[in-house]
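> Sharing a structure, written as structure tokens. Questions coming.
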Amino acid sequence: MEHRSPADPHLDRVVEHRRTGDPHLDRAVEQWLSWDRNVLTRSQVEVFLSDRKWEELRSRLCSRMSFGTAGLRGPMGAGFNRVNDLTVIQTTQGLFSYLLRCCPDVSSRGVVVGFDTRGQQESGCSSSRLARLVAAVLLSRGVPVHLFSAFVPTPYVPFAVKRLGAAAGVMITASHNPKEDNGYKVSNVQHRRATTRGRSLVTQQHVTCPQ
């Protein structure tokens, strides 16, 4: 379901400039501007609209990152196929739905969340910020969160999952990828990465409006 406040004059000002001649792209633009609450990434899309950079918008908004064996990885910035506030929130909603199916006691066991030192000033997307968003989504659904207070190496997360008996772990990192990238790595208490079936469930869930 699409959430758009009729009293949002900022969005209304953008609407008149939104038409691109491509109905699919127009729909994607409207979804992004309706759902994204990060001023910096919203502004990136608005600038592309003003500059009529349709191909750039199409590249960012008309496809999504694939949830692979190690989770998500991609450039930081605005767009459904970038790592940013909105895609991390949506992915965490999908992860929660997946955990409810495979680990019904997730609300008692909790989830471990860690992050590295990555960040991008122009989009406001730092690993620490994204980790806090992961925690906020899970906490809003009654899931206890064990959030590291400072950046940690990736192996700390699966170690903490095992030590604490948590249902899963999320590490915000892109590992060896370039500094412009970030990622969302999921591990569970058995030290296995998400299965193919699990990845499919997460992907299905993370294409909807953030709650």
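The values are calculated or read from the model by the stated rules, or taken from the named source; none is laboratory data. Quick caveat: nothing in here was measured; it's all calculated off a predicted structure. Virtual Cβ from ideal backbone geometry, glycine too; neighbours counted across all protein chains shown.
> Looking at this structure, is Arg163 among the basic types (Lys, Arg), modelled with pLDDT of 95 or more and within 23 Å of Asn84 (Cα to Cα)?
On the way: among the basic types (Lys, Arg): yes; modelled with pLDDT of 95 or more: yes; within 23 Å of Asn84 (Cα to Cα): no.
So Arg163 does not fit the description; no.
> On the given criteria, is Asp85 under 19 Å from Ser140 (Cβ atoms) and not hydroxyl-bearing (Ser, Thr, Tyr)? Working first, answer last.
Details: under 19 Å from Ser140 (Cβ atoms): yes; not hydroxyl-bearing (Ser, Thr, Tyr): yes.
It is true that Asp85 is under 19 Å from Ser140 (Cβ atoms) and not hydroxyl-bearing (Ser, Thr, Tyr).
> Which residues, counting only those in segment 40-55, are assigned to a loop (DSSP other than H, G, I, E, B) and under 16 Å from Asn81 (Cβ atoms)? I'd like the intermediate steps shown before the answer.
Going residue by residue through segment 40-55, those that are assigned to a loop (DSSP other than H, G, I, E, B) are 51-53.
Hit for segment 40-55 is Lys53, nothing else.
> Now, a different point. Looking at the structure I just gave you, is Ala167 more than 15 Å from the chain's Cα centre (by Cα), crowded, with 16+ Cβ neighbours inside 10 Å and in contact (Cβ under 8 Å) with a residue 60 or more places away in the chain? It would help to see each step written out before you state the result.
Working: more than 15 Å from the chain's Cα centre (by Cα): yes; crowded, with 16+ Cβ neighbours inside 10 Å: yes; in contact (Cβ under 8 Å) with a residue 60 or more places away in the chain: yes.
Judged against the criteria, Ala167 is a match.
> A further question follows. Any idea which of (1) buried (at least 18 other Cβ atoms within 10 Å of the Cβ); (2) touching a strand residue (DSSP E or B) at 6+ places or on another chain (Cβ under 7 Å) is the one Leu61 doesn't satisfy?
Failing condition for Leu61: (2).
> When only residues in segment 21-39 that are outside any helix (DSSP H, G or I) and within 10 Å of Trp54 (Cβ to Cβ) count, which is farthest from the chain's Cα centre (by Cα)?
It comes out as Gly21.
> Give segment 124-167 a look and list any residue that's of a type in the set (Ser, Thr, Tyr) and within 18 Å of Asn177 (Cα to Cα), or say none. Working first, answer last.
Of all residues in segment 124-167, those of a type in the set (Ser, Thr, Tyr) come to 126-128, 140, 149, 154, 156.
Within segment 124-167, Ser126, Ser127, Ser128, Thr154 qualify.
> Sticking with this one: I'm trying to understand the selection: among the residues of segment 91-144, which are in contact with an Asp or Glu (Cβ under 9 Å, 6 or more places away or on another chain) and in contact (Cβ under 8 Å) with a residue 60 or more places away in the chain?
Arg118, Gln120, Ser123, Gly124, Cys125
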